[in-house]
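A short write-up of the structure that comes next.
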């Protein structure tokens, strides 16, 4: 009887940790370079903790994992089996972190919060929040892709956009690899103006835990100077 009890207790502990404390995610793309390395099959493994946001609100500069809204989920394919038995096992596995959740999770940096206005237009020195340039020292430089100067700028990290006033309780998200990131800018036409509701946030990225040569904390600079 001891082995079954140990197994059940282990699974229960894993469930509590995954549900209330934090879990590991894999970075699948390069949209957060140079902060997070993403490549199919060999992206960074990151630890995402949930505790911070029990006591404080997400802030500009935080790197977070979130579930996409409808407009972000175009092309997302479920990772669940069509076999009901296997699907059930996958669901149980996701509760303890053995299988990924069946949702489109993404990782980006918070640029602006509810009530703030974000934009970038011709002549702006950087992304602007409430008329002031944000710190962009953490972004990939030079830009990954060249920018068409007739429709955008290097300072904007792509096409001009905005102004967008972020709805209360929502967050405007951008990748650190500005010209290689499909982020809030790409979804401005949706019902949330490209922003992400707080209930979609899964946690704050605290560290890269694998590979070993990339182990490091993930900073949350005060980007709104």
* Structure fact -> One finds the C-alpha centres of the range 1-46 and the range 174-225 to be spaced, in Å, by 18 Å
* Asked: Between the helical axis of 84-95 and the dominant principal axis of the chain, each derived from Cα atoms, what acute angle in degrees is found, rounded to the nearest 10?
  -> 70 degrees
* Could you give P(r) for the chain, binned at 5 Å from zero, as whole percent values over all Cα-Cα pairs? -> 1, 7, 13, 17, 19, 16, 11, 7, 4, 3, 1, 1, 0, 0, 0
* Asked: Under the classification rounded if a/c is under 1.5, otherwise prolate if a/b is larger than b/c and oblate if not, where does the range 83-199 fall, given a ≥ b ≥ c as square roots of the Cα gyration tensor eigenvalues?
  -> prolate
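Could you work out the mean projected area of the convex hull around the alpha carbons of the range 100-146, in square nanometres to one decimal?
Value for the range 100-146: 5.5 nm².
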* **Cα gyration tensor shape of the range 135-225, rounded if a/c is under 1.5, else prolate or oblate by comparing a/b with b/c** => oblate
* Over the range 55-201, relative contact order from alpha-carbon pairs under 8 Å, at least 6 apart, % -> 25 percent
* What ranking, highest mean first, results for peptides 126-138, 45-57 when packing means the other Cβ atoms within 10 Å averaged over each residue? -> 126-138, 45-57
* To do: Would you order 172, 144 from fewest to most other beta-carbon atoms within 10 Å of each residue's own beta-carbon?
  => 144, 172
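Only the coordinates and a few stated rules stand behind these numbers; no lab work does. Here the structure is a predicted model, which is why all the values come from computation and not from measurement. Positions of Cβ are generated from backbone atoms using ideal geometry, with glycine treated the same way; all protein chains shown enter the neighbour counts.
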